[in-house]
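Presented below is the structure to which this report refers.
The values are calculated or read from the model by the stated rules, or taken from the named source; none is laboratory data. Everything numeric in this text was worked out from a predicted model, so none of it was measured. Here the Cβ is made from the backbone with ideal geometry for all residues, glycine too, and neighbour counts use every protein chain on show.
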Amino acid sequence: MKDYIYWHLPGFSVFRDLNATIIDLIREYPNSFNDNYRVGSVYGTFPGAIWNGGRTVLGFCPKNEIEYTLKLFNGKHVPVRFTWTNPLIEEKHCNDTFCNLVMNLANTGDNQVLVNTQVLEDYLREHYPNFKYISSTTKRIKDPALLHKELEKDYFMVVLDYDMNHNKEVLESLRPVADRVEILVDEICFPDCPKRLDHYKDEARKQLYFEVAKPFACPNRQEKKSFEDCKNKPAFISKDQMQEYIDMGFRNFKLVGRGLPQSLVIDSYLYYLVKDGEEDFIYGQLSKRLAEIAAKRQAARRR
């Protein structure tokens, strides 16, 4: 059996067409993609879910859209992973009608949940035991001892804090459990950011109360973001470094993208997933198919 490397892609809702298309292309043109690379999950939220954390995603998503999205990815044997990581969730929020509707529709045994707060995790495990539960990077576990304690718990995986991406001592200590550690390879945030937890809470309030006010006051805020910005950050893991992590036993890697431009996400897919020299071909296929999907959707609206 091949030892696959799994990539976890952002925005199953906002980048639905992009992610579904890249999954198809990996299967149709395996020689254009790096050997043994697979999509391990698509993560994110449906608009308007108050349990969502990390990024604010307001709006409304009807039931038929939820069902279609779940069927689309599960039909391709790719789990949908919910970012239920809002750090301000209290017991009173656990009975939210919309979020429970989403969980019931996705309760097939195929899907996953990222968790942060204990109160929501306890509720979810009790009512939805068929999901795989993953400890989120939004917990900001930076103490190696606490990280190992987290890995002793009943989690399918634990997402490593990006500030540990190049900590050789920590990475070496994780070898025995490396297949249960997920690494965020292209974080765009600045290293050791002292305001990151406050930023998560700010996003959480906006999500919880359906209100986007002024941007979070971050001294490192950038209005225009690109994949080149990610590559210039100290936490970035280049494609040339990937084999070092694979040799240590790490098999799960995560790409950023929620709340970022689709162009940045596409650049990251081409950089990490596609073989050198095949980028133009895959980009062409991707552009063509996305255009076809958009044209069909527009034609359907005219009927």
In the stretch 236-262, what count of residues is obtained for those that are modelled with pLDDT of 95 or more and among the small types (Gly, Ala, Ser)? 2
List every residue pair whose Cβ atoms lie under 9 Å apart, where the two residues are 6 or more positions apart in sequence or sit on different chains, the first residue falls within the stretch 274-303 and is over 25 Å from Tyr37 (Cβ atoms), and the second residue, located anywhere, is at pLDDT 95 or above. Ala294/Asp17; Arg297/Asp17
Within the stretch 24-45, restricting to residues that are in a loop (DSSP other than H, G, I, E, B) and polar (S, T, N, Q), the one that is nearest to Lys63 (Cα to Cα) is Thr45
Residue that is nearest to Glu150 (Cα to Cα) [pool: residues in the stretch 103-116 that are surrounded by 16 or more Cβ atoms within 10 Å (Cβ to Cβ) and in contact with a Leu (Cβ under 9 Å, 6 or more places away or on another chain)]: Val115
Suppose we filter the stretch 203-218 for residues that are among the basic types (Lys, Arg) and under 22 Å from the mean Cα position of the chain (by Cα); how many remain? 2
Helices (runs of 4 or more DSSP H) (entirely within the stretch 185-271) containing at least 3 residues that are of a type in the set (Asp, Glu): 196-209
Qualifying residue in the stretch 19-36 (condition: of a type in the set (Lys, Arg) and surrounded by 15 or more Cβ atoms within 10 Å (Cβ to Cβ)): no
Is it the case that the stretch 54-73 has a residue that's touching a Phe, Trp or Tyr at 6+ places or on another chain (Cβ under 6 Å), within 23 Å of Glu150 (Cβ to Cβ) and crowded, with 17+ Cβ neighbours inside 10 Å? no
Please find, within the stretch 9-42, the residue that is farthest from the chain's Cα centre (by Cα) out of those that are among the basic types (Lys, Arg) and farther than 22 Å from Val159 by Cα. Arg27
With (1) closer than 30 Å to Lys201 by Cα; (2) at pLDDT below 95; (3) among the aliphatic types (A, V, I, L, M) as the list, and Leu101 as the residue in question, which single condition is left unmet? (2)
Sort out which residues of the stretch 179-216 are under 22 Å from Pro10 (Cα atoms) and aliphatic (A, V, I, L, M), and write them in order of number. Val181, Ile183, Leu184, Val185, Ile188, Leu197, Ala204, Leu208, Val212
So Pro194 passes all but one of these: (1) surrounded by fewer than 19 Cβ atoms within 10 Å (Cβ to Cβ); (2) touching a residue at least 40 places away in the same chain (Cβ under 8 Å). Which condition number does it fail? (2)
Looking at the stretch 1-26, I want the residues that are over 18 Å from Glu67 (Cβ atoms) and have a partner that is acidic (Asp, Glu) and surrounded by 22 or more Cβ atoms within 10 Å (Cβ to Cβ) with Cβ atoms under 7 Å, at least 6 apart or on another chain. Which pairs are those? His8/Glu182
Look at Arg81 and say whether it is among the basic types (Lys, Arg) and assigned to a helix (DSSP H, G or I). no
How many residues, within the stretch 123-141, are under 15 Å from Arg81 (Cβ atoms), touching a residue at least 24 places away in the same chain (Cβ under 8 Å) and either touching a Gly at 6+ places or on another chain (Cβ under 8 Å) or part of a loop (DSSP other than H, G, I, E, B) (or both)? 4
Among Tyr209, Tyr200, the single one that is among the aromatic types (Phe, Trp, Tyr) and either surrounded by 13 or more Cβ atoms within 10 Å (Cβ to Cβ) or in contact with an Asp or Glu (Cβ under 6 Å, 6 or more places away or on another chain) (or both) is Tyr200
Given the options Leu72, Leu101, Leu147, name the one that is of a type in the set (A, V, I, L, M), assigned to a helix (DSSP H, G or I) and closer than 19 Å to Phe253 by Cα. Leu147
Answer yes or no as to whether Leu120 is among the hydrophobic types (A, V, I, L, M, F, W, C) and either under 25 Å from Ile237 (Cα atoms) or without any contact (Cβ under 8 Å) to a residue 60 or more places away in the chain (or both). no
Which one of Lys225, Lys195, Lys206 is at pLDDT below 85, touching a Leu at 6+ places or on another chain (Cβ under 8 Å) and not polar (S, T, N, Q)? Lys225
